[in-house]
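The structure appears below as structure tokens.
Each reported figure results from applying straightforward, stated rules to the coordinates on display, with no laboratory input. As the structure is a prediction and not an experimental result, all values here were calculated from the model. As a convention, Cβ positions derive from the backbone with ideal geometry for all residues, glycine included, and neighbour counts pool all protein chains shown.
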Amino acid sequence: MDVKFVLDFDGVLFNSAFEAFTVANRATTGRDGFRQDIAYEEFLAYRAVVTDAWHYNRLYSTAQAVPAAALREVEPTDADWAFARDFFAARAEIMADPEWPKVMPAYDFFFLLKPLLQQYPDRFAILSTRNIQSIRETLAFHDADVVRVFGQEDIRRLGSKLAVAKHEHWLDRGKWLIVYVDDMNSHLEPFEGQIHLPLHANWGYDHVTLGSLSANQVHTIISSLLNIAERAADEV
Ligand SMILES: [Mg+2]
């Protein structure tokens, strides 16, 4: 059994909420049919349940809005997909500015982990609802575009983070010891009992529970397991 570390991106590696707010505003500012009065706090509260860019349409649209609690029940319409295209086009425009990663600061956890990502890239993967290109460009800005990235495109194709993990055979019995770090309790719940260590990051966007861990604690777990795994590999 070999150890693999699967990391969420938003709220674990990067504090990207303000970037998402900037992108959503750019996609809607001055356009009829979209609210122009959304404050950052309202955006953040809604974002906690967003798993796909089209969901933001149900916050910004004046005609199609739904409360965050009802978002799970909504099936996307053509207008939602159009919104998602506008959102990614706005992100592409913002990313064309070489300074853009500055709107997306890294957490201390990323800086703690970066040497390990660079030294053992094959032991890590990123599993995120964000589009792959923006993840890779952010990592590249920090000289860390070295690990496999599973993003929005994979989750749309396969259905969920858990479905991506299954597709990658991370849940195959006896094959991997998977450590999965996410800041959203709802993203970790499907993995409970399916992997060895679902770890809740206490520095992201969700509420803290008794089992939540700090960045230093998660880093200690990852580096200890890496040490054991690397020593075992040397002995073979
Ligand atoms: Mg997250």
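Compute the longest continuous run of the chain that contains no exposed GluC sites (Glu not before Pro); treat a site as exposed when its DSSP state is not H, G, I, E or B and it has at most 16 other Cβ atoms within 10 Å. Each step should come with its number before you reach the end.
On the way: sites that count: GLU99, GLU192.
It works out to 1-98.
DSSP beta bridges in the chain, what fraction antiparallel, as a percent rounded to 5?
Antiparallel: roughly 10 percent of the beta bridges in the chain.
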Subject >> Helix 215-235 axis, angle to the chain major axis (alpha carbon atoms, nearest 10°) >> reply: 40
Original post:
Using Cα atoms only, what is the angle between the long axis of helix 108-119 and the major principal axis of the chain, expressed in degrees (0 to 90) to the nearest 10?
Top reply: 50
**OP:** With a point put 7 Å past each Cα toward its Cβ, work out how far ALA69 is from ARG85 in nm, to one decimal.
**Re:** 3.5
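With +1 on each Lys and Arg Cβ and -1 on each Asp and Glu Cβ, and nothing else charged, work out how big the dipole of the chain is about its Cα centre, in Debye to the nearest 20. Don't skip to the answer; put the middle values down first.
Numbers: 22 positive and 34 negative charges, 48 e Å.
For the chain, the charge dipole is close to 240 debye.
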Subject >> Separation in nanometres of the label points that stand 7 Å from Cα toward Cβ, at ASP172 and LEU158 >> reply: 1.3
Original post:
Excluding same-chain residues fewer than 8 positions from LYS4, which lysines have a Cα within less than 24 Å of its Cα?
Top reply: LYS114, LYS161, LYS166, LYS175
Original post:
Using a Gaussian network model of the chain with C-alpha springs under 10 Å, which one of HIS187, HIS196, HIS167 is most mobile by mean-square fluctuation?
Top reply: HIS167
Original post:
ALA232 to THR29: FRET efficiency via 1/(1 + (r/R0)^6), r the Cβ-Cβ distance, R0 41 Å, to the nearest 0.05?
Top reply: 0.15
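Taking R0 as 30 Å, what's the FRET efficiency between ASP2 and SER186 from their Cβ-Cβ distance, rounded to 0.05? Please list the in-between numbers first.
Numbers: r = 28 Å, r/R0 = 0.93.
So the FRET efficiency works out to roughly 0.60.
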**OP:** Please work out the FRET efficiency for the pair ALA92 and ARG148, using the Cβ-Cβ distance as r and a Förster radius of 30 Å; give the result to the nearest 0.05.
**Re:** 0.85
Subject >> Degrees separating the helix 78-95 axis from the principal Cα axis of the chain, which is the longest one >> reply: 70
